[in-house]
Each structure stands twice: as structure tokens, then as C-alpha cells.
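What follows is a single structure, written as C-alpha cells, with notes after it.
Rule-based calculations on the coordinates, nothing more; no lab input. Just so you know, these numbers come straight off a predicted model, no measurement behind them. All Cβ positions, glycine included, derive from the backbone under ideal geometry; neighbour counts span all protein chains shown.
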Amino acid sequence: MGGIMNPEPKMNGELESLMRDVGRVVENEARRQNILPQVQAALAARQIRRARPAALRWSFALGGLAACAAAALLVLRPQPISYAVTGAVPGAGATAELGAPLVAPAASPLAVHFSDGSAVTISPQAAAHVDALDRDGATVAIEEGTLEVSVIHRAHTRWQVRAGDYRIQVTGTRFAAGWDQASRALTVRMHEGSVLVTGPGLKEPVRVVTGQRLRASASGADLGLENEPAPAAAAEQAPAASAPEVAPPPTLAPPSVEPAPPAEHVPASHARRAEPVAAHAAPSPSGADWRAEAARAQYREALAAAVLEGWRAECSRLGADDLVLLGDVARLAGDLDRAEEAYRSARRRFPEADRPTFALGLIAFEGRHNYRQAGELFAGYLRSFPRGPLAREAAGRLIESRLKAGDDLAARQAAASYLHDFPGGPHAALAKRTVGP
């Protein structure tokens, strides 16, 4: 027995080192979140008494380590995303409670904005609720009517839309989902990306991709092109499964578009095209109203109708909301030149409106890949609207823009500001990595 070395000094050293590391992590994070006094008080209450016997010292030391680890988990645990509702409902604009009914009025849609940048628009007279939230996404349940869904894809995105017994698995895409409660029929129209649908009438999960639409009920399913009329047989089996009206597009989420050459300014020859319909805009029936086409998520048709009505005239005469919607239509139809023209007109005519600046930043970032210009636009948003409804999103996008532009110093400054103003925001992890130790 005399030849066996006592391992306690080495183990004490390793344990103390580990506890110091954990303590530093807890202290730094607690200081950032302004809860250092509370954490210190909790740890002090578990302080090890040096006068205790050696056997008890180990027990209390391990207990202290567990307390430190628990505190670290409490401080570092990622927070679930949140959401806010805007529209003609009581309490609009405030963070809504989980499970609260969201019913759009007859005259206008209801917009639900999520802190990860995703958005859901509830069409007039439709009803839904948010079923669950976690750090990677949300579950939204349709009770009746149509939702326009735009989910921002991130590394661990996990979104789901429920309609009766149907489940729509989403990672990052734009689509419309309509639910007819009476006939228990689901319609999915894909604008961009893909989703996986399971439920009654589907023998196996069905993947719906860009340009397709799925109509499903317990009696069967039909998968075809988005604008294709339903087959007669399918219409007889599930008459109510035809596509319900779709609400206007969400205003937060940027579409994925084919990259265009970076440019600080759009050439006049592009911005001031002749009035005939743009090459990528679908023909529109004579007399069609572009707002009605936009409400059905027919963005190319809406763009074509707006051009026929006189694009520059519309940009000059429309009110703030309609002018921003006009820019959204062009952006979602893939005409970045006209989208920028509409947003710039809105900025000039309605300087109190915040959305045009943010939307121009999205185009510069997502569509033009001009990250330096995007950074200037997002920074401009924060200067003009420091408490605007999109301030947190603009601050996060500013970090991304500075990083992609290769301006590390400006990125660190933007990250430090983000952590000060939005310590629990969706870009907090990126901001912490950018600031560094």
C-alpha cells in the first residue's frame, strides 16, 4: 500500500483548472447579459468550506463544478425564436403568445414575423396559430384558409406547417398552403425551393418543388404544375381542394434570384426600360389588376399588369404601402431593376417609411451580391430607424455584409453594437464569434 501514489493532488489540480475554465465562461456570458450578480450569488451559496474533511471536500467540489456547469448551461442555452403579429388585430405589433388564435380580418391579411427572418402571411378570413417554437424553427398550424410561408434557410432550420393530419416539412423555401376544413383537403403551391408533405391520401412522403402544386385529400392526391388546372377526376373527388386565394407576399424574407452583376448604381438604360412587359414577366390578361394578381401570389402576372398600367406612373402616384408592395412584386418576380426603382421612389417620396431601405439592402445582398453596398444600406436603416421594426434584422444583416465585404474592423464594430442592443437576437452567436475573445 505504501507504494501506491496518492492521486488527489493531481486530480485536485485538474478539477480546479476545469472549474476555473467553467467559471470564466459563466462570468463572461453573465457579464454580457447583465446577470453577473445573480450568478455570483448562486455560486457563493454553494461555496466549499475548506474546514470540511477531505472526503466531503471532494463531494462539495464536484457539487460546485456541477453548479458551475448548470449556471453555464443556463447562460449559454440558445433561446427559442419569437414572433410578432402585424395587422388589423388587437395588440398587433407585440410578441404574441404561443397558441394564440391568429385570424385575419375580411379586408386585409395578417403578417406574422419571426425573429429568424422568416414570415407567414395569413390571407383574409383565414385562421392559424403558432403551435411550437424552438431555436431552429417553428410549427404553424392552419385552421382554415391559406398561408403564404417564407422560411429563411439556416444551418439547422427545422420548420413545419400542419393542416389537419397533414405535415409539411420545411427547411428554407417560399410556398402557399391552403386548407379547406370542410373537405379536409390540402393545396400546396411551391414558389421556390421544396417541401416534403405527408398525410391522408399520400402513400409515401411527396416532395413538391418549385413550380409544382399538390392537391391532396383522403380520397387521393394530384401533383402537377402550379398554374395547371386540376384534372376533372380530381376535381370531382375533392371539389373543395382547388387552390384558395393566397395572401400578399411576406415583406421580410428575400427571394432567391439569379445573381446579377454587382453594381453601385443601376444604369439608366436598365432602370428606365421601355414600357412593354419585361422579358421574364408573364403575359397578363387585359385589364388585370396587379394587386389582385399579387394577392394570388402570381408575381410575374402582377408585374406584367403593373407595367401595362404604366410603371413609372405607378411609382409616382401610389401611396407608401402600395408602392412598397409594387417593389415586392418586382423583387419576387425577379426584376431587380424595377424593384429598386420602386423602393427608391418610396424612399424619396416617403422618407418616414422604413421598409424601402431594408428591401434595397436585401436586393444588394441577396440579388446583387454587392456586400459593401448592402452594408451601407443596412447601416443607413439603423441610423434612420434605430428603433424600427426591422432594426434587429438590419443589425444582423449588417454584420453579415461587413464580413462578406472583408471589412473585419467594421464587422467587429457592428457585432459589438448588436450584442449591446440585441444580446438574445438570432445573430448573437455570429456576433460573439465576430467580436472574438
Cα-projected label distance for Ser384 with Ala292, points at 7 Å along beta-carbon direction, nm:
3.4 nm
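May I ask you to derive the FRET efficiency for Ala100 and Asp421 from their Cβ-Cβ distance with R0 = 30 Å, giving the value to the nearest 0.05?
Details: r = 27 Å, r/R0 = 0.90.
Approximately 0.65, to the nearest 0.05.
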Through the Karplus equation 6.51 cos²θ - 1.76 cosθ + 1.60, θ set to phi - 60°, convert the phi angles of the stretch 365-378 into ³J(HN,Hα) values in whole Hz; use x for Gly and Pro.
7, 7, x, 8, 6, 9, 6, 5, 5, 4, x, 5, 5, 5
How many nm separate the modelled label positions at Asp165 and Ser183, each set 7 Å beyond the Cα in the direction of the Cβ?
1.8 nm
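Taking the Cβ of Ala333 as the centre, find all other residues whose Cβ is under 9 Å away and add up their charges (Lys, Arg: +1; Asp, Glu: -1).
Local net charge: +1.
Local charge sum around Ala128 (other residues, Cβ-Cβ under 9 Å, Lys/Arg +1, Asp/Glu -1)? The partial results should precede the final answer.
On the way: positive: none; negative: Glu143, Glu144.
Its environment carries a net charge of -2.
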Starting at the first residue of the stretch 210-224, write each ³J(HN,Hα) from the Karplus equation 6.51 cos²θ - 1.76 cosθ + 1.60 with θ = phi - 60°, in whole Hz, x for Gly and Pro.
3, x, 9, 9, 10, 10, 9, 8, 4, 7, x, 9, 9, 10, x
HN-Hα J couplings of the stretch 184-190 from phi, Karplus 6.51/-1.76/1.60, θ = phi - 60°, integer Hz, Gly and Pro as x?
6, 10, 10, 10, 10, 10, 8
Taking Thr139, Thr121, Thr434 and counting other C-beta atoms within 10 Å, the order from fewest to most:
Thr139, Thr434, Thr121
Treat every Asp and Glu Cβ in the stretch 268-435 as -1 and every Lys and Arg Cβ as +1, leave all other atoms uncharged, and give the resulting dipole magnitude about the Cα centre to the nearest 20 debye.
520 debye
What distance in nm separates the simple spin-label points at Asp322 and Arg433, each placed 7 Å from Cα in the Cβ direction?
4.5 nm
